[in-house]
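Read through the structure below, which is laid out as structure tokens, and then see the notes.
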Amino acid sequence: MTAIPIGLALIGLTRAQDDEGPTAKLRFVVVRDTDGKPVRNAEVVLHPVKPKGKQDKGEMDFKTDAEGKTSVDDIPYGPLRVQVLAPHFQTFGEDYEINKAEMEITVKLKHPGDQYSVYDNHGTDKKPQ
């Protein structure tokens, strides 16, 4: 596991250590959506989330290994926003409720879609009058 904390951002995610609340071990597996092959060096970013869904201060940053895996210990129970970034893939983002001592999260990254262009033929689309 490779962990690269961003600044002093660990404060928000490690608040449970001060509160002595339950914490979890999270395992991440990042694979390609098309064939299930692992995505190496994908960046997994964790953000704590406030009760009303807004992102809280603090984040942690990890890179996946050659098997598309990374893990982290001592993540407090509660809402957590997970973002995954990798070159040549769409950015992934989703909120999870951390509520078990151990959790595995599998992320399937998609290749970027085509951009919409007004110059392309879109079949039955009508031209503005």
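Values in this text are rule-based calculations from the coordinates and carry no lab data. Everything quoted here is computed from the prediction, not taken from an experiment. Positions of Cβ are generated from backbone atoms using ideal geometry, with glycine treated the same way; all protein chains shown enter the neighbour counts.
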(request) Could you order peptides 89-101, 105-117, 53-65 by the average number of other Cβ atoms within 10 Å of their residues, highest first? (result) 53-65, 89-101, 105-117
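Length gain on complete extension for the stretch Asp95 to His111, per 0.36 nm per residue less the alpha carbon to alpha carbon distance? List each step's numbers first, then the result.
On the way: separation 16, 0.36 × 16 = 5.76 nm, distance 2.10 nm.
This chain segment gains 3.7 nm when fully extended.
Quick one: net charge around Lys54, please, counting Lys, Arg +1 and Asp, Glu -1 for every other residue with C-beta under 13 Å from its C-beta.
On the way: positive: Lys50, Lys52, Lys57, Arg81; negative: Asp56, Asp95.
Cβ neighbours under 13 Å give a net charge of +2.
Near Asp35, within a Cβ-to-Cβ distance under 13 Å, what is the net charge of the other residues, with Lys and Arg +1 and Asp and Glu -1?
+3
Using a/c under 1.5 as the rounded threshold, could you call region 31-118 rounded, prolate or oblate? The axes a ≥ b ≥ c are square roots of the C-alpha gyration tensor eigenvalues, and prolate needs a/b larger than b/c, oblate otherwise.
On the way: a/c = 2.25, a/b = 1.38, b/c = 1.63.
The shape class here is oblate.
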